[in-house]
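Down below is the structure, laid out as structure tokens.
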Amino acid sequence: MFLYEYEGKKIFSEFNIPIPPGDIAFSLEDAINITKRIGFPVVIKPQILGGRRGKAGAIRFADNEQELVQHLKEVFELVLYGEKVSRILVEKKVNIAHEYYLSYMLDFYERKPIVIFSTEGGIDIEEVARTKPEAIVKRHINPEIGMTSFIAMEMLNKLGIRGEEAKKFVPIFINLWRAFKERDLILAEINPLIKTTDGEVIAVDARVMVDDNAEYRQPWVKQIKEARGGTESLEYKAKEKRISFVVLDGDIGIIGNGAGLTMATVDLVREFGGKPANFLDIGGGAGPERVVAAIDTILKLGNVKVILMNIFGGITRCDLVAQGILEAVNKIKLEIPLVVRLTGTNEEIGRKMLEDAGIKAYTDMIEAVKKAVQLAERGE
Amino acid sequence: MFLYEYEGKKIFSEFNIPIPPGDIAFSLEDAINITKRIGFPVVIKPQILGGRRGKAGAIRFADNEQELVQHLKEVFELVLYGEKVSRILVEKKVNIAHEYYLSYMLDFYERKPIVIFSTEGGIDIEEVARTKPEAIVKRHINPEIGMTSFIAMEMLNKLGIRGEEAKKFVPIFINLWRAFKERDLILAEINPLIKTTDGEVIAVDARVMVDDNAEYRQPWVKQIKEARGGTESLEYKAKEKRISFVVLDGDIGIIGNGAGLTMATVDLVREFGGKPANFLDIGGGAGPERVVAAIDTILKLGNVKVILMNIFGGITRCDLVAQGILEAVNKIKLEIPLVVRLTGTNEEIGRKMLEDAGIKAYTDMIEAVKKAVQLAERGE
Amino acid sequence: MAILVNKDTRVIVQGITGREGSFHTKLMLEYGTKIVAGVTPGRGGMEVHGVPVYDSIRDALEHHEADASIIFVPAKFCRDAILEAIYNNLNPIIVITEGIPVWTVMELVDMAKKRNIYIIGPNCPGIIVPGETKIGIMPGHVFKPGDTAIISRSGTLTYEISKTLSDAGLGQSVVIGIGGDPIKGLSIPEALKLLEEDPQTKRIVIIGEIGGVEEERAAELIKKGEITKPVVAYIAGKHIKVQQKSLGHAGAIILGEMGKPETKIKAFNEAGVPVARLPKEVVEYLREL
Amino acid sequence: MAILVNKDTRVIVQGITGREGSFHTKLMLEYGTKIVAGVTPGRGGMEVHGVPVYDSIRDALEHHEADASIIFVPAKFCRDAILEAIYNNLNPIIVITEGIPVWTVMELVDMAKKRNIYIIGPNCPGIIVPGETKIGIMPGHVFKPGDTAIISRSGTLTYEISKTLSDAGLGQSVVIGIGGDPIKGLSIPEALKLLEEDPQTKRIVIIGEIGGVEEERAAELIKKGEITKPVVAYIAGKHIKVQQKSLGHAGAIILGEMGKPETKIKAFNEAGVPVARLPKEVVEYLREL
């Protein structure tokens, strides 16, 4: 799960990584109060989970209250990369002497943590890698050793930062590593890491991703999730019911059992000209209650014209799966068509049960997909 | 540094290792108050750092206040292995079904932690090793892995403890390991570890040694030291001044530079029939202030008849060492004889300086030792 | 003889007394898998479907010989269970459990590798050598013996494609569900190298997904000629462009440039590996080989 | 050629800008030791007695070739400094610093051993090959070149005994102060094995102490015939019976049965190693060999 910048910065400050004074505002009032506390000039940063705010012109500066109110009104109206701005981070503006880049991430393929530092911050590190690779230093980390002073110093020296100046960066290297490891993070990125005109080193942005699997040992993750609203929360609530749910932008609701099969179903719908509304995996051994929750979740999207359910009965018998679907449908009183593909042990019995209840049931995946696409087109 | 039983048990309880209810008493009143809180029957355990209390008959039980007061009065008068009893642990008596043994220590030679478990607790593990080795299971531990459930279970199974019963021991194996590692301990021993008649597993004794070198990262060590009094504290205060000081039982005060040379000096005094009052190493590069502190410390012992100082001037010039000794002696106005052995660069100059001030100074270690022994004998 | 496991592989089931562990023990026994013992700490002395249960692997090994382990233990206890299997030299260790933190998986895979032990999974359906042994949770009846190997990051999609192959007369030498997590014990390239050496395998199907770079690395191996057997691939999620969100599998996530389906398809194409557009096309490509 | 170090050994001084580091750098240079660079993080660019200072060993190695390291860094920073030396393949690493927690020493020695790097110390005076190189803090003038090797857990007592030897015309092939901590990088038995292979060493003096079991293990090696060169021993603290208290050296501590002087003396006697009663007797025993 990705964190908002302000959530990431909270972690940074817990690990003694300097951040600018500031706080999160959910309203104009909030923002004005924060400004009163920290003083002008301030920077206004809408909090969204995807995309690049800088490129979207969404980051604004204010030297006085008039400017502040003007910008806030505009920014609270913005929709960035499909996300409505509902929270804004208001921070004291810092005087930048130079921008750096520092990140830790897990290199899944090499199965090792990796640290990346660059003297070219404030832009995508992929871009720096293309245009100025000599300004980047990367290192795999032995997790038993972790980040230590000497490794940080070696990386800094490599890019020509030495002596007293280098020493100022070292604690940030070490503390970010500690946050990364102790908080079960997959990514902890500071871009840019700023040297101010006063020679201080400060993290002015935070891009942090935490491992969802670690929630049982990272109680703060649950707190963060519960504090959020919107779509994010719909996906979260699905997850609570052991359903993997991701919103897409089409009108065909998709339910599958197993992540790969569900992805393949989304793909097939696209191949045959349809627009998937979501990805929803009910996982293995789902009973009627999870089928109900799945349909419920999709209906909450509002714009779905047909639901396509693709079930491969592996260990479970298809007649039991059919029974689960019927129980679910009776409970919900579905008003849009449901197309089911059901295969595996006892598939004939299961299909017959569904068709008796007026639900289209197929053996062949492609036929089911075609039918769903056709129904969605007709629904327009 | 060894901890008192009650200090060790405090650590145990911080790591969720069950101990009997109880508290430390410095007076009869304390003990009566504790008993009021925890109820009879209680056990009275004088707290000393060396030796075996059980063998000395110093552990008493009380079923009522009359017995309690009687025992307390007696125990507060005891001197055990040279230590006057000044503190008594008063604990609720537990009903013992069986006594076990569990310890972690560092195997200095193999450079690995070792865990020892036995179904024969309550006696010296060395004795069990001799008389019933099949009741002991030992294992070196890979510090990266630590003690885990499965290792504990394997050790328990090996001694025939299985199923639900074994499961009760597992958390104690793991928690004692955590205390051992996280608190920089060198030894963490529970002997006996008790199974009560109710089937609970409880640590009824604690023998714990902490690494003095880890004090900078274990602030509780300093707290414990400061809370202590008596001889222990004299040694501690010396250590604060970077002096290694251990009380022996003779009348010749010994000061050396370097641990090995000081030990050799103590040995030589014994070889020539003298009785060393102490071991005191002023360490490398000691200035006059450390010499003053050394002599001060020895004088506090009260019974010293002569001080023998053995200095090998390695890097430092002997004339500077002599100057330090003279400054120190002038400051203290020493009333007992001081014999100095001084060798190294500029030794002749140094010796002359000392002898001009009336301090016997030798080149040869043995001559100095003989002189000191002779002066001590004459002093009787 | 197949790779990693075969009909003679003696298996310990860790977490045998749990619901899943017990259920799949029954199905594996029915398939013919040689399960010699189960382990659940604190449950030593029980029996599950006739299989004796011990508190520890070491205690089980006092009474039985065993080669491999399959793990159904809940995620929070998996570090201990996997370590136990590693320290008792069981090999391979098949981890069915989903939801183990990635840092823990990283630590454990590293330890296993240092001891030359294979971990399959976590979060995987296991491994099956059709007609010989099934150490996993897949429905045995969809597989048939043969000479096509399948490596897959998916579960049900693998059953789906395997069934298509079986129905078309293309039996399987081995089917390895490597799991849906971002870090796993056996990656696609590592599995490919094992299959290259397997005399029973004539051709290989890779069922990949979006996320990670395993497919790209596999394609490199093939391009370099280190894998000479013919390979057909399928990539699930190829029409999904969502950034930064996991699709059911924690490993199925696109982060910036990494994990995009187009890169994977391009890499396979450049290595001469046909990528099926529809699952059933896998059979057609295999027939064309 | 001597063991571990010789006149060609190029040395980096870690913690060179500190009081001790700077002082002993001067003395080592005067002795003829080849010090090529110093390291103190945050002090890159300085010079100490003409030796250039860098922030990191790696940065120093960009400008100089080096073999060994000597460490004067304060105890709390030693984990980092020693790791840095290990990771940059300096060998041996001589750790003068006193007061490093024993758990940290245990961790570091394990890492060094895995990489075949020798740590000498911590809490030691260093190593000297008289007339060739001194990587340590011992007074150079008490040593003379020769063919008697000394392994010692002590500092000043070693200088004392070495001086007696030198005065008696018994020069030293190498003198290794292995340090007074309970866990150290080089133990007496390990040092003995190195010296057995050293053509310059004809006889060996072991200066032991109470505490630990190194002397006993050394005696076993000799008894088994793995060490064939004649050995003379001295044990400091042989009249000290205090239990559970360290005598100046953290390693000089008697715990129950472990570390008692009588056990050590008995073990040496059984291995045919004479144990000197007085320091100066070492010379007499060596002459009798």
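Any residue in segment C:194-215 that is within 13 Å of chain A (Cβ to nearest Cβ), under 26 Å from C:GLY99 (Cα atoms), surrounded by fewer than 24 Cβ atoms within 10 Å (Cβ to Cβ) and more than 17 Å from the chain's Cα centre (by Cα)? Checked against the condition, which is being within 13 Å of chain A (Cβ to nearest Cβ), under 26 Å from C:GLY99 (Cα atoms), surrounded by fewer than 24 Cβ atoms within 10 Å (Cβ to Cβ) and more than 17 Å from the chain's Cα centre (by Cα), segment C:194-215 yields at least one hit. D:GLU226 meets each of the listed conditions (1) in contact with an Asp or Glu (Cβ under 9 Å, 6 or more places away or on another chain); (2) modelled with pLDDT under 90 apart from (2). When each of D:PRO145, D:PRO101 is tested for being within 11 Å of chain B (Cβ to nearest Cβ), at pLDDT 95 or above and more than 14 Å from the chain's Cα centre (by Cα), the lone residue that passes is D:PRO101. Scanning segment B:364-380 for residues that are of a type outside the set (A, V, I, L, M, F, W, C) and modelled with pLDDT of 90 or more, we see that the one that is surrounded by the fewest Cβ atoms within 10 Å (Cβ to Cβ) is B:ASP364. Tallying residues that are surrounded by fewer than 22 Cβ atoms within 10 Å (Cβ to Cβ), away from chain D (no Cβ under 14 Å) and not charged (D, E, K, R) within segment A:162-178 yields 1.
Every test in (1) free of Cβ contacts under 8 Å to residues at least 40 places away in the same chain; (2) part of a helix (DSSP H, G or I) is passed by D:LEU195 save one, and that test is (1). Per the listing D:LYS266, D:LYS229, D:LYS241, the residue uniquely out of contact with any Phe, Trp or Tyr (no Cβ under 9 Å at 6 or more places or on another chain) and assigned to a helix (DSSP H, G or I) is D:LYS266. Annotation: of all residues in segment B:19-60 being outside any helix (DSSP H, G or I) and over 25 Å from the mean Cα position of the chain (by Cα), the one that is surrounded by the fewest Cβ atoms within 10 Å (Cβ to Cβ) is B:GLY39.
Every residue, every condition in (1) free of Cβ contacts under 8 Å to residues at least 24 places away in the same chain; (2) in contact with a Phe, Trp or Tyr (Cβ under 7 Å, 6 or more places away or on another chain), yes or no:
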site: B:ILE202; (1), (2): no, no
site: B:ASP212; (1), (2): no, no
site: B:TYR216; (1), (2): yes, no
site: B:GLU226; (1), (2): yes, no
site: B:GLU235; (1), (2): yes, yes
site: B:LYS241; (1), (2): no, no
site: B:GLY256; (1), (2): no, no
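Could you tell me which of the residues B:VAL128, B:VAL137, B:VAL94, B:VAL115 is surrounded by fewer than 22 Cβ atoms within 10 Å (Cβ to Cβ), hydrophobic (A, V, I, L, M, F, W, C) and within 25 Å of the chain's Cα centre (by Cα)? Exactly one residue qualifies, and that residue is B:VAL128.
Table: residues versus (1) surrounded by fewer than 19 Cβ atoms within 10 Å (Cβ to Cβ); (2) modelled with pLDDT under 90; (3) within 29 Å of D:ASN123 (Cβ to Cβ); (4) over 26 Å from the mean Cα position of the chain (by Cα).
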| site | (1), (2), (3), (4) |
| --- | --- |
| B:GLY285 | yes, yes, yes, yes |
| B:VAL291 | no, yes, yes, no |
| B:VAL306 | no, no, no, yes |
| B:ARG317 | yes, yes, yes, yes |
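Among the residues of this structure, A:ALA238 counts as one that is at pLDDT below 95, assigned to a helix (DSSP H, G or I), small (Gly, Ala, Ser) and in the same structural domain as A:ARG341 (by TED's automatic domain parsing).
Taking the criterion of being facing another protein chain (nearest Cβ under 7 Å) and aliphatic (A, V, I, L, M), the only residue of segment D:148-166 that qualifies is D:LEU157. Residues that are closer than 23 Å to C:ASP167 by Cβ and in contact with a strand residue (DSSP E or B) (Cβ under 9 Å, 6 or more places away or on another chain) within segment C:268-282 comprise C:PRO274, C:VAL275, C:ALA276, C:ARG277, C:LEU278, C:PRO279, C:GLU281, C:VAL282, listed in sequence order. Counting only residues that are in a helix (DSSP H, G or I) and of a type in the set (Asp, Glu), which one in segment B:185-228 is nearest to the other protein chains (Cβ to nearest Cβ)? Per the stated criteria, the residue is B:ASP212. If you go through segment D:28-51 and keep only what is assigned to a helix (DSSP H, G or I) and buried (at least 24 other Cβ atoms within 10 Å of the Cβ), you end up with just D:MET28.
Listed by first and then second residue, the pairs linking a residue in segment A:7-18 that is farther than 17 Å from A:ILE48 by Cβ to a residue that is assigned to a loop (DSSP other than H, G, I, E, B), with Cβ atoms under 8 Å apart and 6 or more places separating them unless they lie on different chains, are A:ILE11/A:LEU3; A:ILE11/A:ARG183; A:ILE11/A:ALA206; A:PHE12/A:ILE19; A:PHE12/A:ALA206; A:SER13/A:ILE19; A:PRO18/A:GLU200.
The combined condition, being in contact with a His (Cβ under 6 Å, 6 or more places away or on another chain), closer than 19 Å to C:VAL109 by Cα, in a loop (DSSP other than H, G, I, E, B) and within 13 Å of another protein chain (Cβ to nearest Cβ), is not fulfilled by C:GLY185.
Select from segment C:122-132 the residues that are more than 13 Å from chain A (Cβ to nearest Cβ) and either in contact with an Asp or Glu (Cβ under 7 Å, 6 or more places away or on another chain) or crowded, with 24+ Cβ neighbours inside 10 Å (or both) and list them in ascending order. Correct list: C:ILE127, C:VAL129. Helices (runs of 4 or more DSSP H) fully within segment A:282-380 that include at least 2 residues being basic (Lys, Arg): A:347-356, A:365-378.
If I filter segment A:61-78 for residues that are buried (at least 16 other Cβ atoms within 10 Å of the Cβ), out of contact with any Phe, Trp or Tyr (no Cβ under 6 Å at 6 or more places or on another chain), under 25 Å from A:TRP177 (Cα atoms) and acidic (Asp, Glu), do I get at least one hit? Looking for residues that are buried (at least 16 other Cβ atoms within 10 Å of the Cβ), out of contact with any Phe, Trp or Tyr (no Cβ under 6 Å at 6 or more places or on another chain), under 25 Å from A:TRP177 (Cα atoms) and acidic (Asp, Glu), one finds none in segment A:61-78, hence no.
Every listed requirement among (1) charged (D, E, K, R); (2) within 9 Å of chain C (Cβ to nearest Cβ); (3) closer than 23 Å to C:PRO125 by Cα is met by A:LYS241 save one, (2). Among the residues that make up segment D:71-89, is at least one of them surrounded by fewer than 21 Cβ atoms within 10 Å (Cβ to Cβ), touching a strand residue (DSSP E or B) at 6+ places or on another chain (Cβ under 6 Å) and at pLDDT 95 or above? No; the residues of segment D:71-89 include none that is surrounded by fewer than 21 Cβ atoms within 10 Å (Cβ to Cβ), touching a strand residue (DSSP E or B) at 6+ places or on another chain (Cβ under 6 Å) and at pLDDT 95 or above. Only a single criterion out of (1) more than 19 Å from C:GLY179 (Cα to Cα); (2) aliphatic (A, V, I, L, M); (3) within 8 Å of chain A (Cβ to nearest Cβ) is not satisfied by C:ALA250, namely (1).
Take B:VAL201 and tell me if it is modelled with pLDDT of 95 or more and touching a Lys or Arg at 6+ places or on another chain (Cβ under 7 Å). Steps first, answer last, please.
Details: modelled with pLDDT of 95 or more: yes; touching a Lys or Arg at 6+ places or on another chain (Cβ under 7 Å): yes.
It is true that B:VAL201 is modelled with pLDDT of 95 or more and touching a Lys or Arg at 6+ places or on another chain (Cβ under 7 Å).
Considering (1) in a loop (DSSP other than H, G, I, E, B); (2) over 24 Å from B:VAL79 (Cβ atoms); (3) within 10 Å of chain D (Cβ to nearest Cβ); (4) of a type outside the set (A, V, I, L, M), the lone condition that B:GLY274 does not fulfil carries the number (3).
Does C:GLY169 satisfy the condition of being more than 9 Å from chain A (Cβ to nearest Cβ), of a type in the set (Gly, Ala, Ser), touching a Gly at 6+ places or on another chain (Cβ under 7 Å) and surrounded by fewer than 24 Cβ atoms within 10 Å (Cβ to Cβ)? Don't jump to the end; show me each part of the working.
On the way: more than 9 Å from chain A (Cβ to nearest Cβ): yes; of a type in the set (Gly, Ala, Ser): yes; touching a Gly at 6+ places or on another chain (Cβ under 7 Å): no; surrounded by fewer than 24 Cβ atoms within 10 Å (Cβ to Cβ): yes.
Criteria not met by C:GLY169.
The values are calculated or read from the model by the stated rules, or taken from the named source; none is laboratory data. The structure presented is a predicted model; accordingly, all values stated were derived computationally and were not measured. Note: ideal-geometry Cβ built from the backbone for every residue, glycine included; neighbour counts use all protein chains shown.
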